[in-house]
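The values are calculated or read from the model by the stated rules, or taken from the named source; none is laboratory data. Keep in mind it's a predicted model, so treat the numbers as computed, not measured. Cβ coordinates were reconstructed from backbone atoms using ideal geometry, including for glycine residues, and neighbour counts include every protein chain displayed.
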Amino acid sequence: MKRVSLKNFQFNSEHGEQYNRDFISYRGAVKLNETQEEVHIAIVDGSDTQLRHDLESFHMPKKTVFFGITKAELATFIGETTDIEPVASKRAKENDRSIALDSITSGAPVVNIINAICIEAIRLEASDIHIEAQAESVQIRYRIDGVMRTIKKIDKSVFYTVSNRIKIMANLNPLEQRLPQDGRMSVTLENITVDLRVSIIPVADGESIVLRIFNTSAKLLSLDELGFYPKELNAIKAAVKNPFGLILLTGPTGSGKTTTLHALIANLPIPDLKIITIEDPVEQLIPGVNQVQINDEIDLSFDSMLRRVLRQDPNVIMVGEIRDTATAELALRSSLTGHLILSTLHTNDSVSVITRLENMGLEPFLIAAVLRCSVAQRLVRKVCQSCRKNVTINKKIKSLFTKYKVEGNSMYESSGCLDCEDTGYKGRTIISEVFMVDKAIEEMIAMQKPINEISKYALLHGMGSLAKNALQKVADGITTIQEVEREVIF
Ligand SMILES: [Zn+2]
């Protein structure tokens, strides 16, 4: 059965009517098109022979052709085609913070709109949902693989109904429209619970609502799945085998540092070690690991929590982020005394962690003694393997390849197909720079040698820079030059 997409689909036929809503939702069938000879129908369950038989006999003597769609797509379609009545939200119950997304037909229309928006976001693996009031309409956008994508526009008249409903679900004040509000809510889809962090700020034309999606049940990625090249992967795996020391991940917000840290931890022999993570928030659960959420409101900051965690005699501690000198000092001292510490810092490249730590007031000899490895990373989208197009590289790219010693004469450009929702990209991969601290580098750090000198030594001794790694992924057809140019300076 051929797959079709219901995105942008609107029923339009001179030869027959669309099925009624109840039939569409209960039987999972949508009429796509009807001519004098043929009827095209999209169905969720291709193995439902009863449904196919019923439809075939109903449309006799016309020929019936079936196409496949997903359950989530159907739910989105129903949500989109719901008639909208702004008064409906008055029936919304207090404390009803959790909604079942798959019971889409039972709720009020406004719930259907929110459900449809959430279902589609989860299906497309969006990281956040943006509901933005504009002058004439309401714009719904998702961030998918790091890039904003406009999904649809809905009628401005329902904006406050949707906004009120979200506020009630997130335990916020629905009457407040002038002040920013933050909260949390959760939604359930086919037994998967997804937590949403809600942020609402007033803007000129109403409000901007952002729902950040935390799918704690999302599959934990293994180190091998992240996209590191084997050489780097082996270096990182060797670094985490150290019984003590400091391993740092660096990169801007949204560069996947936490995902890599979680994968590093999942790669450890968990039953043999006491592992504690201190996170803000706990984004994903790792079986067998003690994960603690910090809470600034009750003074459980990274450093005060780390102090307490150390009393539990852990082997490995993950500190979500080193933000201040107190945390940095404590993390470095504890990695000197028999703990393996994994954490993140905000720096542009891997070698700069040395400068950053020095600027936080830490002694160079201490940094030299504990730092084992630092990994700078960026996330880029992978070009869709089903529709990518091979092209010959131009002179400018060729000279970049030569400069960074990357071999290749062709690369791929993105196109668009059903597999990648017409974006040309599917999934993400890591661009990385793995800086391993050996004896010589240890000495250079302790002697306070300039960073560019340390960097030069590391590059000469096998470190691949972010730029080289990025171009290699272009040459290997994993991503495109446009993707890496956004994240890496050449
Ligand atoms: Zn494609």
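Here are some notes:
Okay, residues lined up against (1) at pLDDT below 95; (2) within 26 Å of ILE213 (Cβ to Cβ); (3) among the hydrophobic types (A, V, I, L, M, F, W, C):
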residue: ILE278; (1), (2), (3): no, yes, yes
residue: PHE302; (1), (2), (3): yes, yes, yes
residue: LEU310; (1), (2), (3): yes, no, yes
residue: THR337; (1), (2), (3): yes, no, no
residue: SER343; (1), (2), (3): no, yes, no
residue: THR347; (1), (2), (3): yes, no, no
residue: VAL370; (1), (2), (3): no, no, yes
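- The range 15-47 - residue that is of a type in the set (D, E, K, R) and assigned to a loop (DSSP other than H, G, I, E, B) and, of those, nearest to LYS63 (Cα to Cα): GLU37
- The criterion of at least 2 residues that are under 25 Å from the mean Cα position of the chain (by Cα) and within 17 Å of ALA328 (Cα to Cα) is met by the following strands (runs of 3 or more DSSP E) wholly inside the range 223-309: 245-250, 275-279.
- Scanning the range 407-434 for residues that are within 7 Å of the ligand (Cβ to nearest atom) and of a type in the set (A, V, I, L, M, F, W, C) yields CYS417, CYS420.
- Which numbered condition LYS398 misses (of (1) within 16 Å of the ligand (Cβ to nearest atom); (2) of a type in the set (Lys, Arg); (3) not in a strand (DSSP E or B)): (1)
- Any hit, the range 333-342, residues being in a strand (DSSP E or B), in contact with a helix residue (DSSP H, G or I) (Cβ under 7 Å, 6 or more places away or on another chain) and buried (at least 16 other Cβ atoms within 10 Å of the Cβ): yes
- Inter-residue pairs, beta-carbon under 6 Å, first touching a residue at least 40 places away in the same chain (Cβ under 8 Å) and in the range 465-490, second hydroxyl-bearing (Ser, Thr, Tyr) and part of a loop (DSSP other than H, G, I, E, B), 6+ apart: ALA467/TYR404; LYS468/TYR404; LEU471/TYR404; LYS473/THR479; THR480/SER414
- From the options ARG333, ARG372, ARG388, residue that is in the same structural domain as ARG308 (by TED's automatic domain parsing), of a type outside the set (Asp, Glu) and within 16 Å of the ligand (Cβ to nearest atom): ARG388
- Qualifying position, being part of a strand (DSSP E or B), at pLDDT 95 or above and either surrounded by 15 or more Cβ atoms within 10 Å (Cβ to Cβ) or at positive phi (or both), among VAL187, VAL194, VAL210: VAL210
- Selection over the range 433-457 of residues that are aromatic (Phe, Trp, Tyr) and touching a helix residue (DSSP H, G or I) at 6+ places or on another chain (Cβ under 6 Å) gives a count of 1.
- Any hit, the range 405-425, residues being in a helix (DSSP H, G or I), surrounded by fewer than 17 Cβ atoms within 10 Å (Cβ to Cβ), outside the structural domain of VAL147 (by TED's automatic domain parsing) and of a type in the set (Lys, Arg): no
- Given (1) among the aromatic types (Phe, Trp, Tyr); (2) crowded, with 16+ Cβ neighbours inside 10 Å; (3) more than 26 Å from ASN112 (Cβ to Cβ), number of the condition PHE67 does not satisfy: (3)
- Residues in the range 298-314 that are surrounded by fewer than 19 Cβ atoms within 10 Å (Cβ to Cβ) and more than 21 Å from LYS257 (Cα to Cα): ILE298, ASP299, LEU300, SER304, ARG307, ARG308, LEU310, ARG311, GLN312, ASP313.
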